[in-house]
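The values are calculated or read from the model by the stated rules, or taken from the named source; none is laboratory data. None of the values given here were measured: they were computed from a predicted structure. Cβ atoms come from the backbone with ideal geometry, glycine included; neighbour counts cover every protein chain shown.
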Amino acid sequence: MKIVRLETELLRVQLPRAVSLPTSQDPRSTKDVDVVLARIVTDGLHVGLGFTYSFGGGAAIRSLLDSAIAPILTGEDPTLIERLFLRSQHELETVGFSGLAARAYAAVDFALWDLKGKAANLPVYKLLGGYRTKLKAIVSDTATPALGTKAAVKETRAALDAGAAGVIVEIGTADPDIDADRVRSLREAVPEGAWFEISANARYDFSTALWMGRMCEEEFAIDGFSDPLRADDADGLKRLLDRLEVAVSAGVLADRVEDFVRLLDRGGLSAVRVDPLRLGGLTPARKVAQLAELKHVAVCPVRLPEIGAHLAAGCVLGRVCETVDWFAELFTGGPKFHDGQFVVPDAPGLGIVVNESYAKKHRV
């Protein structure tokens, strides 16, 4: 089997609710997201489907796929996923793989895994290890600074009623007192027993993160504090872990496997948050998951449940998956809630199909 061509498509999709962009100390909001679909066409029976998204920059991502990545793939054996990743990473180093190039290649990597699953008549999570079929899903976009507190409470309750096991409350604005007030209001609104976590999205400095962590421990009884500091603030994170009792996770903005090596070697983390888009696909993300397992640290994929559910279900310590409903109309299939559990699709490949009529309406 050989790759004949790479087909791409650019869409602009409106999100069901506003989300905050991860800009330091000033989380701006948006409701529009660029989605780039990637289809790997082979001389065989199957077509691999992948996708990536960005808040702006979709045209640049598509251009990279068409002009720089497609020539690397054409004529290659699509089952050699690791080889294709390394070759693409090396050839794209001239533009800097981390960033847009990684986000672009992620769509290809997802499509290669989708194709491999279809050829084997197996879902991707089984190719990755197949450790479980059901996950706990934590909703991560219903309580961001982009939403007012009343709207956040309403959206979070609706997600919990639909089957989510808990919520991640995003903080990290320029005013930590306002952050604390939002956490207090949502803590009162979320039913007892639901997972309740806060995330600063790597926006805080050390003193603010310590103050917020201690307040949440003492007053709000949170279950976790994710990404309080930048991933490259090694000293600050170590000091913070030494001073807080609450479980701390990190990794949301890490864009290389080596970043996670340093995070995990430091010790003290309860979980790593892995974003396959930032890393360049499932191929590097599964390496992070395997490394985390060796360190006895849980793995939590960041948003993107169409991909993250397969990653989490495929590894031993991937019990939880963040979830958003951003692309519920764009794709049919994918993970679904059933009896309070997030069930991974058992269809071959990623188990998702593009809703062509919806895609047609949103083409750029």
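Structure notes:
- Criterion (touching a residue at least 24 places away in the same chain (Cβ under 8 Å) and assigned by TED's automatic domain parsing to the domain that holds V324) met by exactly one of A164, A158: A164
- Some residue of the stretch 221-243 being at positive phi and surrounded by 24 or more Cβ atoms within 10 Å (Cβ to Cβ): yes
- Looking only at the stretch 306-364, and only at residues there that are crowded, with 17+ Cβ neighbours inside 10 Å, without any contact (Cβ under 8 Å) to a residue 60 or more places away in the chain and small (G, A, S), the one that is nearest to A137 (Cα to Cα): G308
- When R182 is tested against the conditions (1) surrounded by fewer than 20 Cβ atoms within 10 Å (Cβ to Cβ); (2) over 24 Å from D34 (Cβ atoms); (3) free of Cβ contacts under 8 Å to residues at least 60 places away in the same chain; (4) touching a Ser or Thr at 6+ places or on another chain (Cβ under 9 Å), the lone failure is (1).
- Residues of the stretch 185-207 satisfying the condition of being free of Cβ contacts under 8 Å to residues at least 60 places away in the same chain and either closer than 16 Å to G236 by Cβ or touching a His at 6+ places or on another chain (Cβ under 7 Å) (or both): A200, Y204, D205, F206, S207
- Residue ID - nearest to the chain's Cα centre (by Cα), chosen from residues in the stretch 319-364 that are in a strand (DSSP E or B) and of a type in the set (S, T, Y): T323
- In the stretch 329-337, the count of residues that are of a type in the set (A, V, I, L, M, F, W, C), at pLDDT below 95 and in contact with a Gly (Cβ under 8 Å, 6 or more places away or on another chain) is one or more.
- The stretch 125-149, subset out of contact with any Asp or Glu (no Cβ under 7 Å at 6 or more places or on another chain) and hydrophobic (A, V, I, L, M, F, W, C), residue surrounded by the most Cβ atoms within 10 Å (Cβ to Cβ): A137
- Tally, over the stretch 106-155, of residues that are among the acidic types (D, E), under 19 Å from V302 (Cβ atoms) and not assigned by TED's automatic domain parsing to the domain that holds D275: 1
- Residues that are modelled with pLDDT under 95 and closer than 27 Å to Y105 by Cα number at least 1 in the following helices (runs of 4 or more DSSP H) confined to the stretch 233-288: 257-266.
- Filter result (in a loop (DSSP other than H, G, I, E, B) and out of contact with any strand residue (DSSP E or B) (no Cβ under 9 Å at 6 or more places or on another chain)) within the stretch 134-165: G148
- Residue match in the stretch 117-127 (condition: in a helix (DSSP H, G or I), within 20 Å of D255 (Cβ to Cβ) and not charged (D, E, K, R)): no
- Just one residue in the set G75, G56, G99, G50 is part of a loop (DSSP other than H, G, I, E, B), closer than 23 Å to L15 by Cβ and either assigned by TED's automatic domain parsing to the domain that holds L15 or in contact with a Phe, Trp or Tyr (Cβ under 8 Å, 6 or more places away or on another chain) (or both); that residue is G56.
- Of the residues making up the stretch 250-305, those that are crowded, with 24+ Cβ neighbours inside 10 Å and either assigned by TED's automatic domain parsing to the domain that holds T52 or among the small types (G, A, S) (or both) number 8.
- Meets criteria (in a helix (DSSP H, G or I) and closer than 24 Å to A285 by Cα) for L86: yes
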